[in-house]
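Below: one structure, written as structure tokens.
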Ligand SMILES: [Ca+2]
């Protein structure tokens, strides 16, 4: 810029000198001298103005670039503004999602309270009721308040031999038979597992009537069964109560075995095939509540098969469960 101003100043000074020369000596100079001076002046001016012309061109280019940059900056600012709006919208969506999640939780709690109230009403009477447990659709269960008091659900019943209990794995998993007060049935291992999968322990109550009319009770205070992956393992029984022997203890921690699914501890045989049932066999069992009704060899019994006599065969069995009520 300093050079440019210097050039302008020199140009102006030169023009002034020439002008003075013209005014003072114009009459004395001839045309040739005037022409030469004019040419010299033009040449000199061009040399001085040339960089200015180049700088002017570069300035125009830079002005165009600056204009582009200003335009881009405006676009960036607009985009930044949009990003801020999107971030605010996203944050609002997260808040809304959390609110919906909280509302769902509250709704589920309310639903569970209503369900528990409904179930509590159900337990007051015997008979068939519909229940809902997590992971399964609604299904019927048989309540019985005559055998051991209110609130008990019958999970297995043998009364007359109408139903075969020598069934495969799928049948024991799903359940089978006639779920009525006078029917024979097994509720199914999957339903049993789900019903027992609560925050509180469950009791197991087995009522057994012998051929000689004697009634025995096997009562356990912490009955639990695992899922299918575990082989519906008999996880726990708890303390044994009642006037029977503790003939199920041997089966604790055992998986369920059917004639087509050998999960027992018998190395060379399938206990379900030996005893004609489906059960939590060890190698094998001291009980056979799913055995053949009124069969001389494989009748339904409780106690060691070696000690079994005809009087030990059972004419009826009811296996019941109920959530354990604690005073804690
Ligand atoms: Ca085996």
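Results, tabulated for the structure shown:
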item: Identity of the residue in the range 136-150, within 21 Å of residue 175 (Cβ to Cβ) and in contact (Cβ under 8 Å) with a residue 60 or more places away in the chain, that ends up surrounded by the fewest Cβ atoms within 10 Å (Cβ to Cβ); result: 147
item: Residue within the range 168-178 that is modelled with pLDDT of 95 or more, buried (at least 17 other Cβ atoms within 10 Å of the Cβ), over 36 Å from the mean Cα position of the chain (by Cα) and in a strand (DSSP E or B) present; result: no
item: Of all residues making up the range 289-301, the number that are at pLDDT below 90 and closer than 17 Å to residue 244 by Cα; result: 1
item: Enumeration of residues in the range 230-251 that are under 31 Å from the mean Cα position of the chain (by Cα) and either closer than 20 Å to residue 203 by Cβ or within 16 Å of the ligand (Cβ to nearest atom) (or both); result: 231, 232, 233, 234, 235, 236, 237
item: Residue 291, sole failed condition from (1) more than 13 Å from the ligand (Cβ to nearest atom); (2) more than 24 Å from residue 315 (Cα to Cα); result: (2)
item: Flag if residue 190 is under 24 Å from residue 128 (Cβ atoms) and not in a loop (DSSP other than H, G, I, E, B); result: yes
item: Residue tally, condition more than 10 Å from the ligand (Cβ to nearest atom), farther than 21 Å from residue 190 by Cβ and surrounded by fewer than 18 Cβ atoms within 10 Å (Cβ to Cβ), over the range 252-275; result: 0
item: Near pairs, Cβ below 7 angstrom, 6+ apart or cross-chain, from the range 191-202 (touching a residue at least 24 places away in the same chain (Cβ under 8 Å) and in the same structural domain as residue 233 (by TED's automatic domain parsing)) to any residue that is assigned to a loop (DSSP other than H, G, I, E, B) and surrounded by 20 or more Cβ atoms within 10 Å (Cβ to Cβ); result: 193/232; 196/223; 202/223
item: Within the range 223-241, tally of residues that are in a loop (DSSP other than H, G, I, E, B) and crowded, with 16+ Cβ neighbours inside 10 Å; result: 7
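The values are calculated or read from the model by the stated rules, or taken from the named source; none is laboratory data. This one's a predicted model, so the numbers in the text were calculated from it and none came from an experiment. Because the Cβ atoms are built from the backbone with ideal geometry, glycine has one as well, and the counts that use them run over all protein chains shown.
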